[in-house]
1. Collect the residues in region 359-382 that are open to solvent by 10 Å² or more (accessible area, probe 1.4 Å), within 18 Å of Ala205 (Cα to Cα) and either assigned to a loop (DSSP other than H, G, I, E, B) or touching a Ser or Thr at 6+ places or on another chain (Cβ under 9 Å) (or both), keeping them in residue-number order.
2. With Ala420, Ala331, Ala374 as the choices, which residue is more than 25 Å from His280 (Cα to Cα) and modelled with pLDDT of 95 or more?
3. Cβ-Cβ distance below 8 Å, separation of 6 or more or different chains: which pairs start in region 175-194 with a residue that is of a type in the set (Lys, Arg) and end on one that is in a helix (DSSP H, G or I)?
4. Name every residue in region 83-126 that is over 28 Å from Arg55 (Cα atoms) and acidic (Asp, Glu), in order of residue number.
5. If you go through region 149-164 one residue at a time, do you hit one that is touching a residue at least 12 places away in the same chain (Cβ under 8 Å), in a helix (DSSP H, G or I) and under 30 Å from Arg33 (Cβ atoms)?
6. Does region 151-171 include one or more residues that are open to solvent by 30 Å² or more (accessible area, probe 1.4 Å), within 17 Å of the chain's Cα centre (by Cα) and among the hydrophobic types (A, V, I, L, M, F, W, C)?
7. Would you confirm whether any residue within region 246-256 is farther than 18 Å from Thr291 by Cβ and modelled with pLDDT of 95 or more?
8. Tell me the strands (runs of 3 or more DSSP E) entirely within region 177-266 that contain at least 1 residues that are open to solvent by less than 10 Å² (accessible area, probe 1.4 Å).
Amino acid sequence: MHDLRMVREQMPALREGLRRRGALAALEPRLERLEELERERRRLIALVEERKAARNAATQEVARRKRAGEPADDLVAESRALGEAIAGDERLLADAEAELTGILLEVPNVTQPDVPEGGEECNVILRAWGEPRPEGEVRPHWEVGERLGMLDLPRAAKLSGSGFAVYRNHGARLVRALMNLMLDLHTGENGYEEVWVPTLVRREALTGTAQLPKFEDDLYAVADDDLFLIPTAEVPVTNLLRDEIVAADALPQALVAFTPCFRREAGAHGKDTRGILRMHEFQKVELVRFTTPEQSPAEHERLTRHAESVLQRLGLPYRVKLLAAGDTGFASAKTYDLEAWAPGIGAWLEVSSCSNFGDFQARRANIRYRPAGAKPQFVHTLNGSGLAFPRVIACLLEHYQNADGSVTVPEALRPYLGAATLS
């Protein structure tokens, strides 16, 4: 969420940031309303303070008159009228502040200056790693997984409908192996603390990380309890520090969690509906970092390298893409996508988005730190998948597929999977 000072003092910068996202035209009426509400808020604050001062003066004069034995009925009535006026003004102020906050929750973050302007056509490939296997040499992952008895999509559909998967035999063990490999790598070598968090969260948690109110239709809700299934571990892990103030020397903090994730929008518009590329439920290891504003850019690069380290450990060719402003997520100030190569379908698949949110989430969730000798300030939050499982599994089954239909297990997974080849 944006600071009210931006509405008051930096509205041209906010408008420019939204223009670079391609969102200014749609949001302009809301921005104009924001400016009106902020002016009204400041007017009401001044009016309430003025009337409270007048009431205090009247109250003091009433006390003086009573001590002197002088009549004070007129001042008592005046004080009572001022109290009623103050109560009315405070109701108007509360209404204005509530509407103002509601609009601010709908305004996306401003991207950093080095983020390219424009839509997805303006995304920039920064670097690549590994040698992509030529497409057309291998079968797509859903055929391989079914033939090897690892993937059972028909029975998953019988249980839950499309967008769900059943992993069997080596497939189930592969999911467990990926979880253990990623958690061991991030805790043992990359310096993260492992946490195990709930998969049902309250509305406040999703508001804090900016999934609500904008993306409520994409979430699975438990209406009777006002709880939601998490779309990513980013939500509960980031909110672990909600409404807290941490010491400056406790930053940066780095947390990692494995969770299932739930998203209603999977397979929207008929895109990537075959196989396990877009799922309503999937598994993911998530990386979350809290840092100071000064450390934030370096921490973003560090987090991205940590996500890359998984792909390198698995030996999967990938590329790093800097997203343009119009393709950057609602809450993010800068995002790198990691895309692994899937030769069976001839496509680069996003397996991680590594984002720097600046203080956007921290303002919503009220996460602050206390610099030495200074007032508390908002932290910067960052997160990224480290990694999401379904597309990694798809890439493994396609990249490591052999002529006889078997799949070679990469070295890093063999201790966890207990096999060198899947056949």
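The values are calculated or read from the model by the stated rules, or taken from the named source; none is laboratory data. As the structure is a prediction and not an experimental result, all values here were calculated from the model. A quick note on method: Cβ atoms are made from the backbone with ideal geometry, for glycine too, and the neighbour counts reach across all protein chains shown. Ligands, DNA and RNA are excluded from the accessible area calculation, which covers all protein heavy atoms including side chains. Shrake-Rupley method; radii C 1.70, N 1.55, O 1.52, S 1.80 Å.
1. Asp359, Arg364, Asn366, His380
2. Among Ala420, Ala331, Ala374, only Ala420 is more than 25 Å from His280 (Cα to Cα) and modelled with pLDDT of 95 or more.
3. Arg176/Tyr416
4. Glu99, Glu106, Asp114, Glu117, Glu120, Glu121
5. No; the residues of region 149-164 include none that is touching a residue at least 12 places away in the same chain (Cβ under 8 Å), in a helix (DSSP H, G or I) and under 30 Å from Arg33 (Cβ atoms).
6. Of region 151-171, the ones open to solvent by 30 Å² or more (accessible area, probe 1.4 Å) are 153-155, 157-160, 162, 164-170.
Filter again for within 17 Å of the chain's Cα centre (by Cα), leaving none.
For region 151-171, residues open to solvent by 30 Å² or more (accessible area, probe 1.4 Å), within 17 Å of the chain's Cα centre (by Cα) and among the hydrophobic types (A, V, I, L, M, F, W, C): absent.
7. No; the residues of region 246-256 include none that is farther than 18 Å from Thr291 by Cβ and modelled with pLDDT of 95 or more.
8. Details: elements: 200-202, 227-229, 244-247, 253-262.
Those strands (runs of 3 or more DSSP E) span 227-229, 253-262.
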